[in-house]
Amino acid sequence: MIDTISNTNYFSVVWQYVGPLLGVGFGYLISDRVWDRQKQWEMRRDVVLDSVRALADLERAVTEFYTASSVPSGNLTEEVKDFVRNRKIEAIKQSDLCRASYQRAHTVADVAIGGELSRNLSGYFQFACQFMVKVQSGMNHSDKTAAHKELAKWHNRVILSARKALRIKDAGDLPVLDYDNKSLTTDN
């Protein structure tokens, strides 16, 4: 009987010290897991936002390239020709910088997130580059309109997959400019 009492006293004395340590240890493990999840989400958020910023920059560069490549018709003075030529050169430089930034953001997104976002970033980039080549070679108006609409659809695919990567729900559809009616639709 004395043996049982001494063992009980021993465990109660030891538990006073071990119990809180175990509690702190479990608390640390749980806290560490929460911290790790938070850091992973922050990395995901930063990668997605960087990709969306690069998308916006590339889209602006494609638009500027398109505008700079739209040469006015008629007899142009040498001054106007020089202006158009310089604007094209600046648009090409800007688009090259934005394409490099976009490729970097796409590569990081591919490594960190992958999946649908990466595929849509790649699709947008490929279509935008093809569009710029076609603009340079001289597209007719109806082809430009169709290409603009398709580029807008690729843009929306990237945005929707970015929302999905960030687990944003019920944000709604994105509008697409209907170039025929000059109105917004949600046709994706």
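The values are calculated or read from the model by the stated rules, or taken from the named source; none is laboratory data. Note that the structure is predicted; figures quoted are calculated from it, not measured. Cβ: placed from backbone, ideal geometry, glycine included. Neighbour counts: every protein chain shown.
Numbers for the structure displayed
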{"quantity": "Residue within the range 116-133 that is outside any loop (DSSP other than H, G, I, E, B), touching a Leu at 6+ places or on another chain (Cβ under 7 Å) and of a type in the set (D, E, K, R) present", "calculated": "no"}
{"quantity": "Extreme residue, nearest to Gly123 (Cα to Cα), among residues of the range 134-161 that are of a type in the set (Ser, Thr, Tyr) and either surrounded by fewer than 19 Cβ atoms within 10 Å (Cβ to Cβ) or touching a residue at least 60 places away in the same chain (Cβ under 8 Å) (or both)", "calculated": "Thr145"}
{"quantity": "Matching option when the condition is surrounded by 10 or more Cβ atoms within 10 Å (Cβ to Cβ), closer than 30 Å to Arg99 by Cβ and either modelled with pLDDT of 85 or more or not polar (S, T, N, Q) (or both), among Arg33, Arg45", "calculated": "Arg45"}
{"quantity": "Enumeration of residues in the range 42-93 that are under 30 Å from Arg167 (Cβ atoms) and among the basic types (Lys, Arg)", "calculated": "Arg44, Arg45, Arg53, Arg60"}
{"quantity": "Conditions (1) farther than 19 Å from Phe127 by Cα; (2) touching a Lys or Arg at 6+ places or on another chain (Cβ under 8 Å): number failed by Ala54", "calculated": "(1)"}
{"quantity": "Check on Ser73, modelled with pLDDT under 85, on the phi < 0 side of the Ramachandran plot and not in a helix (DSSP H, G or I)", "calculated": "yes"}
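Residue-by-condition table, conditions (1) over 22 Å from Leu151 (Cα atoms); (2) buried (at least 16 other Cβ atoms within 10 Å of the Cβ):
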| residue | (1), (2) |
| --- | --- |
| Gln40 | yes, no |
| Gly74 | yes, no |
| Glu79 | yes, no |
| Asp96 | no, no |
| Ala100 | no, no |
| Ala105 | no, yes |
| Val111 | yes, no |
| Gly115 | no, no |
